[in-house]
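For reference, the structure discussed in these notes is given below.
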Amino acid sequence: MKVHEYQAKALLSAYGVPVERGVAIRSCEEIEAALDRLGPMPRYIVKAQVHVGGRGLGRFRDGFEGGGVQLASGREEVIRLASRMLGNRLITKQSGPEGAPVTAVWVAEVVDPLLAQFYVSVLLDRKAQRPVILTSREGGGEIEDLAEKNPEKIFREYVHPTFGLEEFQIRKLAFRLGLKDDAQREDFSATLKGMWRILWEKDASLVEINPLALTAVGRLMAIDGKINFEDNGLFRHEDVVALRDIAQEDPKEVRSSQFGLTYVALDGTAACLTNGAGMAMATMDMLNSYGVRPANFLDLGDNSPVEAIREAFRILLSDPHIECLLVNIFGGAMRGTMVAEGIFGALDGQKLTKPLVVRMEGAEAEEGRHMLRAAIPQARFAENLRSLGEMAREAIKH
């Protein structure tokens, strides 16, 4: 689960990380009062709050110019910018053509000049099976580009999950960043400790500050913040769940989560209904090998009820870009007849107009196939992954 920059900064501040002064504004009616709380400043920065990157280079769908991060020299200009951003949609390289809805803006003081900009993040390295701290002297830009072009400029420090973040590791990273002043090292220590505690105590998967700025007075400050949370740990954190902005999420993904399904929208044309994450991944790999692009990742799990299966199939049918539907099921606790019943419920008596390719094995698979043959005459049945791929390719061609 993602949160907005202003929410991340509030959490960072609560954990002792120095952040710049600012206010979050969620509606045009709040602008005047929010600016009164913030007080007068020589210059402001106004940042659209969306769950996609590349805001500064983005463009608004209604033609409003300047991108999602703009400077303002006075109160009236802040009001104008915030009013145009709120309720608008920001299109970036990560958002897709529809753009992301701007549900809030962050208005803050401009911290200038900056003596240096660092990158700092704490995240889970799943390959190493432990947390890792990433730092770099070249913050403020795209860390992905830096990792690709100059990976040697990124410093890594792994944290043992039993012992946690240790003082010698903080000193080591501070030295690598060139922080020699006592006040700077104190700020850096407070920042790293706060980020580590958020990751550990809140089940976060990523805590990132880019940039962590060295200001003209020689102190460190988080100018930007990003926090992602592990979905499987949300049941322990009602306060984190309360930060969720559903407007930023794909409606199909929201619907699927309400039924305990795992759904991720992709840009292909072959809709996939599978059970088990491994089965879903294998199905998508197989489709790609046959030149067929999957439209989604959808994992029913091992024991979804008929109601969840019905909703899953409805979600697939709601995608206007699909050209065929694939069902790849290995029945266990969730039997083949349950899958067939769920598909019938989703159709609700309507004729299926898209090609349907089915591979069904396991508990009550034969009965499930028989039910589908009787109700959906155009359905085709595959015996293995290879034939499933061949049938999918043929279905999309025709």
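The values are calculated or read from the model by the stated rules, or taken from the named source; none is laboratory data. Just so you know, these numbers come straight off a predicted model, no measurement behind them. Cβ coordinates were reconstructed from backbone atoms using ideal geometry, including for glycine residues, and neighbour counts include every protein chain displayed.
Please work out if Arg373 is more than 31 Å from the chain's Cα centre (by Cα), surrounded by fewer than 18 Cβ atoms within 10 Å (Cβ to Cβ), at pLDDT 90 or above and in a helix (DSSP H, G or I). Against the criterion (more than 31 Å from the chain's Cα centre (by Cα), surrounded by fewer than 18 Cβ atoms within 10 Å (Cβ to Cβ), at pLDDT 90 or above and in a helix (DSSP H, G or I)), Arg373 qualifies.
Is it the case that segment 321-328 has a residue that's out of contact with any strand residue (DSSP E or B) (no Cβ under 6 Å at 6 or more places or on another chain) and not charged (D, E, K, R)?
Quick first cut of segment 321-328, residues out of contact with any strand residue (DSSP E or B) (no Cβ under 6 Å at 6 or more places or on another chain) only: 321, 323.
Still in the running and not charged (D, E, K, R): 321.
Within segment 321-328, one or more residues are out of contact with any strand residue (DSSP E or B) (no Cβ under 6 Å at 6 or more places or on another chain) and not charged (D, E, K, R).
Can you tell me how many residues in segment 381-398 are surrounded by fewer than 18 Cβ atoms within 10 Å (Cβ to Cβ) and outside any helix (DSSP H, G or I)? Qualifying residue count for the region: 4. Within segment 54-71, identify whether any single residue is small (Gly, Ala, Ser) and outside any loop (DSSP other than H, G, I, E, B), and answer yes or no. Checked segment 54-71: no residue is small (Gly, Ala, Ser) and outside any loop (DSSP other than H, G, I, E, B). Taken over segment 109-123, the residue count meeting the criterion of being surrounded by fewer than 17 Cβ atoms within 10 Å (Cβ to Cβ), in contact with a Lys or Arg (Cβ under 8 Å, 6 or more places away or on another chain) and among the hydrophobic types (A, V, I, L, M, F, W, C) is 1.
Of the residues that make up segment 149-156, is at least one of a type in the set (Val, Ile, Thr) and free of Cβ contacts under 8 Å to residues at least 60 places away in the same chain? Spell out how you get there, then give the answer.
We begin by selecting, within segment 149-156, every residue of a type in the set (Val, Ile, Thr); these are 154.
Narrowing the set further to residues that are free of Cβ contacts under 8 Å to residues at least 60 places away in the same chain leaves 154.
Yes.
Screening Met334 on (1) assigned to a strand (DSSP E or B); (2) modelled with pLDDT under 90; (3) of a type in the set (A, V, I, L, M, F, W, C) shows it passes everything except condition (1). Counting only residues that are touching a helix residue (DSSP H, G or I) at 6+ places or on another chain (Cβ under 9 Å) and either more than 21 Å from Ala382 (Cα to Cα) or outside the structural domain of Arg380 (by TED's automatic domain parsing) (or both), segment 318-331 holds 2 of them. The residue that is farthest from Ala8 (Cα to Cα), counting only those in segment 240-278 that are acidic (Asp, Glu) and modelled with pLDDT under 90, is Asp267. Can you find a residue in segment 20-36 that is in a loop (DSSP other than H, G, I, E, B) and without any contact (Cβ under 8 Å) to a residue 24 or more places away in the chain? No: zero hits. Of all residues in segment 183-242, those that are β-branched (Val, Ile, Thr), assigned to a strand (DSSP E or B) and farther than 17 Å from Val132 by Cα total 1. Looking only at residues of segment 14-59 that are among the hydroxyl-bearing types (Ser, Thr, Tyr) and surrounded by 15 or more Cβ atoms within 10 Å (Cβ to Cβ), we find that the one that is farthest from the chain's Cα centre (by Cα) is Tyr44.
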